[in-house]
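K.L.:
I have a structure here, written as structure tokens, and I will follow up with some questions on it.
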Amino acid sequence: MTDIRTERMEKRLWGLSVPDLAAHPTVYAPDLLKGQRLLISGGGSGMGRATAVLAVRLGAEVMICGRDGEKLDRAAEEIERATGARILTRAMTIRDPEQVSAVMDDAFDELGGLDALVNSAGGQFPIEAIDLTPKGWNAVVDTNLNGTWHMMQAAARRWRDAGVPGSIVNIVATIDRGIPHSAHTAAARAGVVYLSKSVAVEWAPLGIRVNALAPGTIETEGLNNYPPAMLSRLGQGNPMRRMGDTWDIAEGVVYLTASSGKFVTGELLQINGGMHLWGTNWPLGVPESFRGTGG
């Protein structure tokens, strides 16, 4: 007989829907981002989509980009239905510098400029590091580190050439204590954190602020791809003993991009329930040799 609790978990759809996001209370004033223009990679789902919804609710003009054109168009249609705001979409891959340059040109041309870049695109898969293939390693690093850099550099060059300021927020991961079973993304995300700190100094004279945001375990639709046994323990890996949601991340991004963050650069904002301080997170399950040893 199937356990009813397991059955419900298997059928649960994780993450906030666009209507949920459109109706979600926010701490911010309605016109906080009026006149601002944002480009959000990975904006078709999850944290990127939540950021897009909050941004248009606060008055911003938004373009979202990513690999899956159908997903982007679907997100844009849902956002317009829920908020009345029209957002632009571009299908591309951040791994390709030429495609990055093209989407950046489109953003500057069609939005009439750009005020903030949010790098939310990325991906990884759980695997023991000893079993990683060169192809698997390179795929994750090329997306999460190199792709993020292509976007950062393309935006910064255009801001420099136009003589205008800008803001970059890079969505990374909680890496303070490593990420067992995800060494490839831990390496890439750590690279983005220290890349952000480095260019925050270099680009400060240009008026370009660069920050990173580290989510913990966040409820997104991506969790629907994981087995129930894994999902049942994900929320236990931080002192608050629960998951966050995409709205937590979206409001953090807005804090860094809006006037509230005008004197913030080179920072890593942790939105993770204290996961960087305590908790055990093994995507493939805690190995026998580590059981009972604490967080």
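K.L.:
Are there any pairs with C-beta distances below 8 angstrom linking a residue in the stretch 35-60 that is on the phi < 0 side of the Ramachandran plot to a residue that is part of a helix (DSSP H, G or I) and at pLDDT below 95, with the two at least 6 apart or on different chains, and if so which?
P.N.:
45/221; 45/222
K.L.:
Could you run through the stretch 52-73 and say how many residues are part of a helix (DSSP H, G or I), touching a Gly at 6+ places or on another chain (Cβ under 7 Å) and not basic (Lys, Arg)?
P.N.:
Final tally of qualifying residues: 2.
K.L.:
With the stretch 173-285 as the region, which helices (runs of 4 or more DSSP H) entirely inside it contain at least 3 residues that are more than 18 Å from the chain's Cα centre (by Cα) and either crowded, with 16+ Cβ neighbours inside 10 Å or of a type in the set (A, V, I, L, M) (or both)?
P.N.:
The helices (runs of 4 or more DSSP H) meeting that bar are 183-202, 228-234.
K.L.:
Oh, and also: For residue 110, indicate whether it is farther than 26 Å from residue 221 by Cα and part of a helix (DSSP H, G or I).
P.N.:
yes
K.L.:
Suppose we filter the stretch 225-245 for residues that are modelled with pLDDT of 75 or more and of a type in the set (S, T, N, Q); how many remain?
P.N.:
Residues that pass the stated criteria total 2.
K.L.:
Sort through 107, 75 and tell me the only one that's small (Gly, Ala, Ser), out of contact with any Asp or Glu (no Cβ under 9 Å at 6 or more places or on another chain), farther than 30 Å from residue 181 by Cβ and modelled with pLDDT of 95 or more.
P.N.:
107
K.L.:
Additional query: Which residues, taken from the stretch 109-163, are of a type in the set (Val, Ile, Thr) and over 18 Å from the mean Cα position of the chain (by Cα)?
P.N.:
127, 130, 133
K.L.:
Right, another one. Would you pick out the residues in the stretch 69-87 that are surrounded by 16 or more Cβ atoms within 10 Å (Cβ to Cβ) and either more than 19 Å from the chain's Cα centre (by Cα) or under 23 Å from residue 256 (Cβ atoms) (or both)?
P.N.:
75, 78, 79, 82, 83, 85, 87
K.L.:
Could you say which residue among 90, 37, 57 is surrounded by 17 or more Cβ atoms within 10 Å (Cβ to Cβ), modelled with pLDDT of 95 or more, within 19 Å of residue 248 (Cβ to Cβ) and not aromatic (Phe, Trp, Tyr)?
P.N.:
The match here is 57.
K.L.:
For the stretch 74-107, how many residues meet the condition of being polar (S, T, N, Q), assigned to a helix (DSSP H, G or I) and within 25 Å of residue 161 (Cα to Cα)?
P.N.:
2
K.L.:
Here are the criteria: (1) modelled with pLDDT under 90; (2) touching a helix residue (DSSP H, G or I) at 6+ places or on another chain (Cβ under 8 Å). Tell me which single one residue 208 does not satisfy.
P.N.:
Failing condition for residue 208: (1).
K.L.:
Is there any pair linking a residue in the stretch 150-168 that is within 20 Å of residue 98 (Cα to Cα) and touching a residue at least 24 places away in the same chain (Cβ under 8 Å) to one that is surrounded by fewer than 18 Cβ atoms within 10 Å (Cβ to Cβ) and polar (S, T, N, Q), with Cβ under 6 Å and at least six apart or on different chains, and which?
P.N.:
Filtered contacts from the stretch 150-168: 154/101.
The values are calculated or read from the model by the stated rules, or taken from the named source; none is laboratory data. Just so you know, these numbers come straight off a predicted model, no measurement behind them. Glycine also receives a Cβ, built like all others from the backbone with ideal geometry; neighbour counts cover every protein chain displayed.
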